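The values are calculated or read from the model by the stated rules, or taken from the named source; none is laboratory data. The shown structure was predicted, so the numbers you read here are calculated from the model rather than taken from an experiment. Virtual Cβ from ideal backbone geometry, glycine too; neighbours counted across all protein chains shown. Heads up: the accessible areas ignore ligands, DNA and RNA and are worked out on the full protein's heavy atoms, side chains in. Shrake-Rupley method; radii C 1.70, N 1.55, O 1.52, S 1.80 Å.
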Amino acid sequence: MGDIVLGLGGTVDFEIRWDAAELERLAREYGLGRDDLSTATPIVDERSLVAVILAFLATGSGGERFVESSAIVERFAARFETAVTLGGTGVRAGIALDSLGIPSVQHLVSIDDNVRRLLPASTRYISSATRDTLDPHVIVQFPAGARVRLRDAELVAPQPNRLIFANDPPNREMLLSDELPAALAKADVFLVSGFNTMTDGDLLERRLDSLEAALRSLPADALLFYEDAGFYRREFAHIARERLLPRIDVYSMNEDELQEYVGRRVDLLDPVDVEQALRAAHALIPAPALVVHTRYWAIAVGPESGRHRGALDSAVQMAATRYRLGDGHTAADFVATAALPRHGGGADVVAHVERELPAVGVPGYIIETATPTTIGLGDTFVGGFLAAVDRKRPAA
């Protein structure tokens, strides 16, 4: 059996402990009112950072945003109790795989002692970094019902979610390691993610050239899993997709990205609305299997979707385990999650979509917890998926 290679970049995350009182204090200090809040505001200082956080909180949405400098997020993080963890889709997916005793190979673009200390012992890594650097990603997660008072309004989060803020030069540059082709030659699964953080179009094209060259070493029967993630520049999503789509086997995204692609809000518990959104998304992204993962359900659409039902189930189970327990969950915790009840509304959506489309899906779990973990759920979903994927497929 070949390796699971996970890329393309990892991060050091500063996870902030939610403190509504401190957010209120900052909102007062900066004179923020309801009209000052927008998720699209460029983050050029701490005031605009707070305004964006509160705008997301008001809608319950999650997202990832670029910050003008690392100093902004470091100053903000210093105001809160903070845990240092590792992030990036590949790294968190690898941590999820390690919880089941499955090793992986990480492709990294930055390294420091935090990474060396926190990577699982089962994980081997290759890296394009030539020196140690630290450009932290600040992650804010808020619980459902979180309240923050402004001078002219009170904001209440309708659901829990997470926000990511960063200025990370190594991940913006996304330099590929010279060792990647050799690693791919021994792989039967390759995860591609991370182009979403790039902001230079010419550089993106060059990195895609390098990746396409490396992919020539990937065996023809290996599975390529692509996680979309939130692109800092939305037009870059199209560039990366068009270049890689001929080789992608599974193209994955979350509910926020789905809604960005279809250009509207989607009622995730309305079977017809979900069906229409999935039709539109698959028309735009005609992958063999287009996966959308949400808190209520996960569905794969497309001609090859049927082969991935077991992987979807494993993915949802793994993400639910992290949601209820956070970092450090074990194989026993993963097994215990399977005994929890499934979401009835999610099951209704899955049943309808499976009738109307070439699709398979699984409902999410009902989890009662006062301290949900919303950080890294999509990454952990990917790890759960890859843990159960058909590792040796017949060649096309």
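Beta carbons closer than 8 Å, at least 6 apart along the sequence or on distinct chains, pair a first residue in the range 126-146 that is under 14 Å from Phe80 (Cα atoms) with a second that is surrounded by fewer than 19 Cβ atoms within 10 Å (Cβ to Cβ) and not small (Gly, Ala, Ser) for Val138/Glu74; Val140/Trp18; Gln141/Trp18; Phe142/Trp18. Just to be sure before I move on: is Ala237 over 17 Å from Gln106 (Cα atoms), in contact with a Ser or Thr (Cβ under 8 Å, 6 or more places away or on another chain) and at pLDDT below 95 in the structure I sent? Spelling it out, it is not the case that Ala237 is over 17 Å from Gln106 (Cα atoms), in contact with a Ser or Thr (Cβ under 8 Å, 6 or more places away or on another chain) and at pLDDT below 95. Filtering the range 71-85 to residues that are in contact with a helix residue (DSSP H, G or I) (Cβ under 9 Å, 6 or more places away or on another chain) and of a type in the set (Ser, Thr, Tyr) leaves only Thr85. Specify which of the listed residues (Leu86, Leu32) is closer than 30 Å to Pro120 by Cβ and at pLDDT 95 or above. Going through Leu86, Leu32 in turn, the sole match is Leu86.
Pick from the range 246-283 the residues that are open to solvent by 30 Å² or more (accessible area, probe 1.4 Å) and among the hydrophobic types (A, V, I, L, M, F, W, C): which of them is farthest from Thr374 (Cα to Cα)? Among those that are open to solvent by 30 Å² or more (accessible area, probe 1.4 Å) and among the hydrophobic types (A, V, I, L, M, F, W, C), it is Ala283. Given (1) open to solvent by 20 Å² or more (accessible area, probe 1.4 Å); (2) under 22 Å from the mean Cα position of the chain (by Cα), where does Gly90 come up short, assuming only one miss? Every listed condition holds for Gly90 apart from (1). Exactly one residue out of Ala229, Ala220 is open to solvent by less than 20 Å² (accessible area, probe 1.4 Å), touching a residue at least 60 places away in the same chain (Cβ under 8 Å) and not in a helix (DSSP H, G or I), and it is Ala229. Does any residue of the range 194-214 turn out to be surrounded by fewer than 20 Cβ atoms within 10 Å (Cβ to Cβ), touching a Pro at 6+ places or on another chain (Cβ under 9 Å) and more than 30 Å from Ala21 (Cα to Cα)? Yes, the conditions are met somewhere in the range 194-214.
Only one of the numbered conditions (1) in a helix (DSSP H, G or I); (2) under 18 Å from the mean Cα position of the chain (by Cα) is not met by Leu184, and that is (2). Note on the range 155-193: residues that are under 30 Å from Glu24 (Cβ atoms), among the aliphatic types (A, V, I, L, M) and either in contact with a Cys (Cβ under 6 Å, 6 or more places away or on another chain) or open to solvent by 10 Å² or more (accessible area, probe 1.4 Å) (or both) total 2. Going through (1) in contact (Cβ under 8 Å) with a residue 24 or more places away in the chain; (2) closer than 29 Å to Val189 by Cα; (3) basic (Lys, Arg) one by one, Arg79 falls short only on (2).
Ser104 satisfies every condition listed in (1) more than 20 Å from the chain's Cα centre (by Cα); (2) open to solvent by less than 20 Å² (accessible area, probe 1.4 Å); (3) among the polar types (S, T, N, Q) except (1). Report whether or not Arg65 is crowded, with 18+ Cβ neighbours inside 10 Å and either over 18 Å from the mean Cα position of the chain (by Cα) or under 29 Å from Val189 (Cβ atoms) (or both). The answer is no for Arg65.
Selection of the range 141-176 for residues being touching a strand residue (DSSP E or B) at 6+ places or on another chain (Cβ under 7 Å), acidic (Asp, Glu) and modelled with pLDDT under 95 yields only Asp168. Within the range 135-154, the residues that satisfy the criterion of being surrounded by fewer than 21 Cβ atoms within 10 Å (Cβ to Cβ) and of a type in the set (A, V, I, L, M, F, W, C) are Ala144, Ala146, Leu150, Ala153.
Looking at the structure I just gave you, is Gly31 open to solvent by 10 Å² or more (accessible area, probe 1.4 Å), on the phi < 0 side of the Ramachandran plot and over 24 Å from the mean Cα position of the chain (by Cα)? So Gly31 fails the test. The residues in the range 352-387 that are modelled with pLDDT of 95 or more and open to solvent by 40 Å² or more (accessible area, probe 1.4 Å) can be counted, and the count is 5.
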